[in-house]
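The values are calculated or read from the model by the stated rules, or taken from the named source; none is laboratory data. Source: prediction; values computed, not measured. Because the Cβ atoms are built from the backbone with ideal geometry, glycine has one as well, and the counts that use them run over all protein chains shown.
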Amino acid sequence: MSGLVLPILTIIALLLGPFIGAQVSAWLQKRSSETERRKTIFKTLMATRANRISHEHVQALNLIDLEFYEEKPVTAAWAKYLEYLGKDVNKNDEKAWNNWNNISNDLFVDLLQKMAKVLKYDYDVDHIKRSVYSPQAHGELIKDQFRYRKAVLELIEGLLSGKIALPVQNVFTEKNLLQQEELAENLINVLKGKQGLLFQAKLEERSDAPSTAE
C-alpha cells in the first residue's frame with residue numbers, strides 16, 4: 001500500500017499543477033495591478049503637492065480609501081487629514097490662517113510618508129517637504145484666480161441681494177421709438193393683409209455694359 005502513495009501523489013500533482021499555477025499567476029497579476037494603482041495615486045499626490053487644489057490631486061486623495069483599504073495606518077492618516085481640511089478658519093486672520101496651513105501641511109506629509117512606507121519608498125519628512133518645485137508665476141496665477149473668483153461671487157451676491165445695481169444707460173431716443181412704432185404698425189398691417197411688402201431694387205450700371213448713348 002505504501003508503494004502506491006508516491007504514484008498517487010504524483011498523479012494528483014500533475015492534475016492540480018495547472019490549476020494551482022493558474023491561481024498563483026492570477027494572484028500575482030492582481031497583486032501587481034493593485035500595487036501599480038497605489039503607486040499612481042502616490043505619484044500623483046507627490047507631483048501635485050505644490051498645487052493641492054488641482055483636480056488630479058483631489059481625485060487621488062479620494063481614491064485612498066478604495067486602494068489602501070487594507071493599510072490601516074494610511075487610511076487613518078487620511079481620515080485625520082480629511083477631518084482637519086474641513087475645519088473652519090478665518091482667512092482674514094493671518095495668524096490663524098498660517099497656523100492652519102502649517103498643521104494641514106504636517107498632516108499631509110505624514111499621510112505621504114505612510115503611503116511611501118507601504119510602497120517601500122524611502123522618503124523622510126524633510127525630503128517630502130523640501131523636495132518640491134513650484135514656479136513663482138504659478139503661485140501668483142493661482143492667487144489671481146482666487147481673487148477673480150471672489151470678485152465675481154461678490155458681484156453676483158450683491159446683484160441678487162439688491163445691494164449692487166448695474167448702471168443702465170437709455171440709448172433709445174424719441175426718434176428711435178417712433179421708428180419702432182411705425183415699423184411694428186406696418187408689420188401688423190402686412191400680417192392682416194392691409195398692405196403689401198415694399199421692395200426697392202437698385203440696379204447698378206455695369207462698367208462693361210454697352211452704352212446706348214450716340
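Summary table below
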item	result
Where T48 falls short, out of the listed (1) of a type in the set (S, T, Y); (2) modelled with pLDDT of 95 or more; (3) under 19 Å from the mean Cα position of the chain (by Cα)	(2)
Residue match in segment 87-105 (condition: more than 19 Å from V125 (Cβ to Cβ) and within 20 Å of the chain's Cα centre (by Cα))	no
Exclusive hit being within 22 Å of the chain's Cα centre (by Cα), more than 22 Å from R130 (Cβ to Cβ) and of a type outside the set (S, T, Y), set L66, L112, L61	L66
Yes/no for E56 being surrounded by fewer than 10 Cβ atoms within 10 Å (Cβ to Cβ), charged (D, E, K, R) and at pLDDT below 95	no
Criterion: modelled with pLDDT of 75 or more, surrounded by 11 or more Cβ atoms within 10 Å (Cβ to Cβ), of a type outside the set (D, E) and closer than 27 Å to A79 by Cα - qualifying residue of N186, N105, N90	N105
